[in-house]
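> Next up is a structure, given as structure tokens.
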Amino acid sequence: MSTHVVIVAAGRGSRAGGDLPKQWQILAGKPVLAHTLAAFAGLPVTLVVHPDEMDRARALAPKARLVAGGAQRADSVRAALEALEGSDATRVLIHDGARPLVSRALIDRLIAALEHASAAAPALPVTDALWRGEDGQVTGTQSREGLYRAQTPQAFRLAEILAAHRAHPDDAADDVQVARAAGLDVQIVEGEEDNLKLTFPGDFLRAEAILKGRDLDIRLGNGYDVHAFTEGDHVWLCGVKLPHSRALLGHSDADVGMHALTDAIYGALAEGDIGRHFPPSDPQWKGAASHIFLRHAVDLATDKGFRLSNCDVTLVCERPKIGPHAAAMQAALAEIMGLAVDRISVKATTSERLGFTGREEGIAALATATLVKG
């Protein structure tokens with residue numbers, strides 16, 4: 001069976017305010033209708049719009065079948081269903097264009113429900129107390145038992161809902177009302193709080209907040225590095241030069257802490273490690289200062305739209321003692337990365353004289369970095 005989508009977007013939506021009908025107003029940088037169409041990506045769409053907005057709709061949705069809307073919502077839906085008759089469509093999802101936050105999970109639940117039901121629609125049970133009122137005064141209460149808040153898309157078998165609309169001479173609150181008037185049973189599918197219909201100006205603010213939360217991309221990366229000791233009189237650790245009886249061996253300055261942190265950022269970006277970007281086989285990087293690598297990783301994250309939220313570096317060694325220098329290391333890393341000092345942690349631990357670090361054969365470092373987009 002083939003599932004098609006009817007998106008109804010021919011209304012004027014005056015309660016939403018603004019100079020344009022609500023489906024054409026901008027939400028998170030795009031028209032509301034663009035978000036709605038994106039939710040049904042991969043499914044054939046019939047888009048019902050006002051006759052005056054055909055050109056605008058064609059530019060927004062060049063692959064959609066366009067249908068001119070009627071005087072009432074039911075007229076618009078019926079026109080779309082008539083246009084689908086004779087196509088390969090056997091099932092149809094009818095959706096309000098001003099519900100831009102419908103999820104793919106809800107769409108899939110509705111399609112699955114049509115495997116064993118003639119019609120299905122999403123809804124949420126009413127949980128608030130209900131009043132009746134007049135002239136701004138409460139005149140009574142209403143039981144919420146068995147009451148639901150209806151949503152779209154509403155799912156039907158095409159032949160049955162088309163026949164129901166043809167037999168229904170008047171307008172209707174939604175297509176479930178039309179279906180039930182024709183004797184069709186409608187299964188309730190669990191709806192979603194985020195699947196709100198934009199009706200009033202405040203609804204746009206709520207929708208913006210939901211979309212911002214959905215667009216938030218948080219990445220976590222880990223880095224690990226080891227450098228052995230060699231002859232020398234100092235070590236570089238997290239951008240600070242520390243006097244020591246030995247040095248660390250490496251192709252660059254062997255700053256094991258900064259290397260681990262750099263790899264953590266690359267890892268969060270799925271961009272490999274230092275060796276991919278600065279191959280040790282390339283002589284130009286021999287003896288290079290490690291801040292070059294770290295700055296490159298930070299810049300790469302910025303280019304991809306991420307900001308570094310925080311990082312944590314742990315140095316594993318018996319000596320030198322890190323505690324007295326941790327604040328200086330935080331400051332050095334903060335300057336390199338352009339990050340506040342209070343978002344950088346540098347700490348140390350020993351391995352209780354166990355292993356290569358316990359035998360003072362080298363220093364190990366572990367690092368974690370958090371990147372955020374949105």
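The values are calculated or read from the model by the stated rules, or taken from the named source; none is laboratory data. Model, not experiment: these values are computed from the prediction. So basically every Cβ, Gly included, is an ideal-geometry build from the backbone, and we count neighbours across all protein chains shown.
> Inspect all residues belonging to the stretch 101-113 and state whether any of them is farther than 21 Å from residue 150 by Cβ and in the same structural domain as residue 188 (by TED's automatic domain parsing).
Looking through the stretch 101-113, none of the residues is farther than 21 Å from residue 150 by Cβ and in the same structural domain as residue 188 (by TED's automatic domain parsing).
> Does residue 104 satisfy being surrounded by fewer than 24 Cβ atoms within 10 Å (Cβ to Cβ) and either within 12 Å of residue 49 (Cβ to Cβ) or out of contact with any strand residue (DSSP E or B) (no Cβ under 6 Å at 6 or more places or on another chain) (or both)?
For residue 104, the condition - surrounded by fewer than 24 Cβ atoms within 10 Å (Cβ to Cβ) and either within 12 Å of residue 49 (Cβ to Cβ) or out of contact with any strand residue (DSSP E or B) (no Cβ under 6 Å at 6 or more places or on another chain) (or both) - is met.
> Provide a single number: the residues in the stretch 208-235 that are over 21 Å from residue 361 (Cα atoms), at pLDDT 95 or above and surrounded by fewer than 17 Cβ atoms within 10 Å (Cβ to Cβ).
2
> From the set of residues in the stretch 87-101 that are β-branched (Val, Ile, Thr) and touching a His at 6+ places or on another chain (Cβ under 9 Å), which is surrounded by the most Cβ atoms within 10 Å (Cβ to Cβ)?
92
> Could we say that residue 238 is modelled with pLDDT of 95 or more, touching a strand residue (DSSP E or B) at 6+ places or on another chain (Cβ under 8 Å), assigned by TED's automatic domain parsing to the domain that holds residue 345 and at positive phi here?
Spelling it out, residue 238 is indeed modelled with pLDDT of 95 or more, touching a strand residue (DSSP E or B) at 6+ places or on another chain (Cβ under 8 Å), assigned by TED's automatic domain parsing to the domain that holds residue 345 and at positive phi.
> Any residue in the stretch 140-169 that is exposed (fewer than 15 other Cβ atoms within 10 Å of the Cβ) sitting within a Cβ distance under 6 Å of a residue that is of a type in the set (Phe, Trp, Tyr)? List the pairs, counting only those 6 or more apart or interchain.
Correct list of pairs: 141/131.
> Then there's this: Take the residues of the stretch 42-86 that are under 26 Å from the mean Cα position of the chain (by Cα) and exposed (fewer than 13 other Cβ atoms within 10 Å of the Cβ): which is farthest from residue 3 (Cα to Cα)?
59
> Would you please name the residue that is farthest from the chain's Cα centre (by Cα), looking only at residues in the stretch 240-255 that are of a type in the set (A, V, I, L, M, F, W, C), farther than 16 Å from residue 346 by Cβ and crowded, with 17+ Cβ neighbours inside 10 Å? First the steps, then the outcome.
Step one: list which residues in the stretch 240-255 are of a type in the set (A, V, I, L, M, F, W, C), which gives 240, 242, 247-249, 254.
Checking which are farther than 16 Å from residue 346 by Cβ leaves us with 247-249, 254.
Filter once more, so that each one left must be crowded, with 17+ Cβ neighbours inside 10 Å: 247-248, 254.
Numbers: 247: 46, 248: 43, 254: 38 Å.
Filtering first and then ranking leaves 247.
> Mind listing just one residue for me: the one in the stretch 311-334 that is touching a helix residue (DSSP H, G or I) at 6+ places or on another chain (Cβ under 9 Å) and part of a helix (DSSP H, G or I) and, of those, surrounded by the fewest Cβ atoms within 10 Å (Cβ to Cβ)?
327
> Here's something else I'd like to know. Could you check, for the stretch 355-364, whether at least one of its residues is closer than 17 Å to residue 258 by Cα, assigned to a loop (DSSP other than H, G, I, E, B) and free of Cβ contacts under 8 Å to residues at least 40 places away in the same chain?
no
> Does the stretch 116-135 include one or more residues that are of a type in the set (D, E, K, R), in the same structural domain as residue 83 (by TED's automatic domain parsing) and surrounded by 11 or more Cβ atoms within 10 Å (Cβ to Cβ)?
no
> I'm trying to understand the selection: among the residues of the stretch 292-343, which are over 29 Å from residue 217 (Cα atoms) and of a type in the set (A, V, I, L, M, F, W, C)? Show your work before the answer.
From the stretch 292-343, those over 29 Å from residue 217 (Cα atoms) are 316-328; that's our starting set.
If the condition is that a residue be over 29 Å from residue 217 (Cα atoms) and of a type in the set (A, V, I, L, M, F, W, C), then 316, 317, 322, 326, 327, 328 are the ones that fit.
> Separate question: Within the stretch 76-104, track down each residue that is modelled with pLDDT of 95 or more and part of a helix (DSSP H, G or I).
Matches in the stretch 76-104: 76, 77, 78, 79, 80, 81, 82, 83, 84.
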